[in-house]
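Quick notes on the structure that follows.
The values are calculated or read from the model by the stated rules, or taken from the named source; none is laboratory data. Here the structure is a predicted model, which means the values were calculated and not measured. Note that we place each Cβ from the backbone using ideal geometry, even for glycine, and neighbour counts take in every protein chain shown. The area values use the complete protein model at the heavy-atom level, side chains included, leaving out ligands, DNA and RNA. Shrake-Rupley method; radii C 1.70, N 1.55, O 1.52, S 1.80 Å.
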Amino acid sequence: MRISTHRRTTALGTAVVAAALIGGALIGAGTAQASGTSADPASEAAASGSEAAASAAAGLAITVHPDQTGHRLSPGFVGFSFGAATVAADNYSSTDLAGYLSTLGPGGTLRVGGNSGDTTFWTSTGETAPSWATSGTITPAKLQPLAAIAKATGWKVILAVNLKHRDPARAADEARYARQIFGRSLLAVEVGNEPNFYETDPAAYYADFETYASAIRAAVPGIALTGPDAETNHSSWLGGFAAADAAHPDVSLVTDHTYPTSACGGSVATIAQLLGTASAQYENANAQAALSAARQLHVPAAMTETNSTVCAGTAGVSDTFASALWALDYNLLLAQDGVASAEFMDGTNAAGCDPYTPLCPTSGDLTARPLYYGMLATELVGGGDFVALDDPDSADVRAYAVRDGGHLTVVLDDVQDPASHPATTVDLALGLNGLQHGSLTALTTTSPDGLAATSGITLGGGQVGAHGAFPAPRQTPVAVRHGSASVTVRAGSAVIIRFS
């Protein structure tokens, strides 16, 4: 029996009607522990400031239905999206990007495009760049460092070609060199970035897309193409593109962009907004629009550009521990819906370190920021089929379950304010015979700033070090009795529990 992808989000919708957004300033420290066990001393110390709020744990009963399976969570779900300007600047040789990709595991996707893709120039013959190419020039030599990283780590690449400054022959030339240089690492060529900025409507975009597709496939037969990659808040372009392309499908992947909050035009995002149910509903709606278009064309859908806050993020939100908890929930929500992958902007950011950047460029290397921990936590969930569960408080404690044969992994992501909410004791009815024990990995922070923390983030008690080094996560045992288990999760923390 397969579950509906709407099951958890329907509960979120009910919570929105009842309580609107999660209110209050989401600050404070949090951790989690199995009932009857002791948290590690560092986590205990970090939680001491919230003792009064957490002294009396609230109760929550969650029932898992392991026989009701849904979409599959595959390793490599998380990836990076960064501007073409980064390739033009050739920033890869000065940082150990490969180390951070390897820590996330093989099979991820590097998408190259973004707004700077509209202002970068491709040449394989050394031509002088036109005046509009303010983000630099990409040449075959500039693709080589990225190709070396992709091949060394087992990651794939989606490379955008410039559609805003129309030149199908030049795009075909770039695709031809990309195939030669990347080889099997080239997943697809993206035809244009956010065409809603320069095309009048989806029909106009589709006409230009077809012209490009013809030129590119003549130069590189069999190459995969993606589209439409419209800006967030333009999901109608997905349906319009799919309707136009349905007669003779030309894409191998329907691609979309999603940011649940905004820093554009003077807007200021908040932690409450990011972790609120309205954001989750928006994320789900965008995912469903992409999946609907993909079903019309009988191909997968991917969120190839995404992050917490559009227009480079909001300091104090996009660069905090809250973004780690958000990313874990967001990734699992999309994967449960059936989205193939999510690529987080801006992977290395040639211009510097924006608030939403997962990996911040530093001298000679990169630094993992809180968002990267949420991405890594997603990968630690492992592979398997999503299964149904009953979560009566999904607005506050986001719950997921993934089954891999006789193993069951449960994720509990408590997005509540630890300053004003107690810990939650979650009683799990696992519904799977033969489970004997569990192992819990916690995503938390040792900082007294809690969800507003920009440092002290730990996953399984460890931190990501230089060159992406990450120690084996420390795990806490969880007792299983008669198919049930109980854990206490502090507000403002998340746990991944693998039962076997």
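May I ask for the net charge around Asn162, where only other residues with Cβ less than 10 Å from the Cβ of Asn162 are counted and Lys, Arg are +1 while Asp, Glu are -1?
0
Given points 7 Å out from each Cα along the Cα-Cβ axis, report the Ser236 to Ser420 separation in nanometres with one decimal.
According to this spin-label approximation, the distance is 3.7 nm.
Check the straight Cα-Cα distances from Lys142 and name the lysines below 16 Å, setting aside those fewer than 8 residues away within the same chain.
Filter leaves Lys151.
Lone cysteines in the chain, defined as no other cysteine's Cβ under 4.7 Å from theirs: which are they?
none
For the chain, calculate the relative contact order in percent as a whole number, restricting contacts to Cα pairs under 8 Å that are 6 or more residues apart.
Taking the mean separation of contacting Cα pairs over the length of the chain, I get 25 percent.
Just to confirm the number: angle between the C-alpha axis of helix 321-337 and the first principal axis of the chain, 0 to 90 degrees, nearest 10?
It works out to around 70 degrees.
Treating only the Cα positions of segment 367-442 as identical point scatterers, give the base-10 log of I(q)/I(0) from the Debye formula at each q in 0.13, 0.14, 0.15, 0.18 Å⁻¹.
Debye curve over Cα of segment 367-442, log10 I(q)/I(0) at q = 0.13, 0.14, 0.15, 0.18 Å⁻¹: -0.48, -0.55, -0.63, -0.89.
What is the Rg over Rh value, at two decimals, for the chain, using alpha-carbon atoms and the Kirkwood definition of Rh?
Ratio value, two decimals: 0.98.
List the relative contact order of segment 293-352 as a percent without decimals, with contacts defined as Cα pairs under 8 Å and 6+ residues apart.
Normalised by residue count, the contact order of segment 293-352 is 52 percent.
Around Val299, what is the net charge, scoring Lys/Arg as +1 and Asp/Glu as -1 over all other residues with Cβ under 11 Å from its Cβ?
Surrounding charge for Val299 is -1.
Work out the FRET efficiency for Arg184 and Asp390 from their Cβ-Cβ distance, taking R0 = 35 Å, and round it to the nearest 0.05.
Result of the calculation: an efficiency of 0.20.
At 1.4 Å probe radius, can you tell me the per residue accessible area of the chain in Å²?
With all protein chains present, the chain gives 34 Å² per residue.
Hey, what angle do you get for helix 236-245 against the long axis of the chain, alpha-carbon based, 0 to 90 degrees rounded to 10?
Around 50 degrees separate the two axes.
Expressed as a whole percentage, what fraction of the accessible surface of the chain belongs to carbon and sulfur atoms when a 1.4 Å probe is rolled over the protein heavy atoms?
That share works out to 53 percent.
So what's the angle, to the nearest 10 degrees on a 0 to 90 scale, between helix 7-19 and the longest Cα principal axis of the chain?
Roughly 70 degrees, rounded to the nearest 10.
Could you tell me whether segment 390-487 comes out rounded, prolate or oblate from its Cα gyration tensor? Rule is a ≥ b ≥ c as square roots of the eigenvalues, rounded for a/c under 1.5, then prolate if a/b exceeds b/c, otherwise oblate.
Oblate shape, in that a/c is at least 1.5 and b/c is the bigger or equal ratio.
Which Rg and Dmax, in Å, describe the Cα atoms of segment 58-185?
Expressed in Å, the Cα Rg and Dmax of segment 58-185 come to 18.8, 67.
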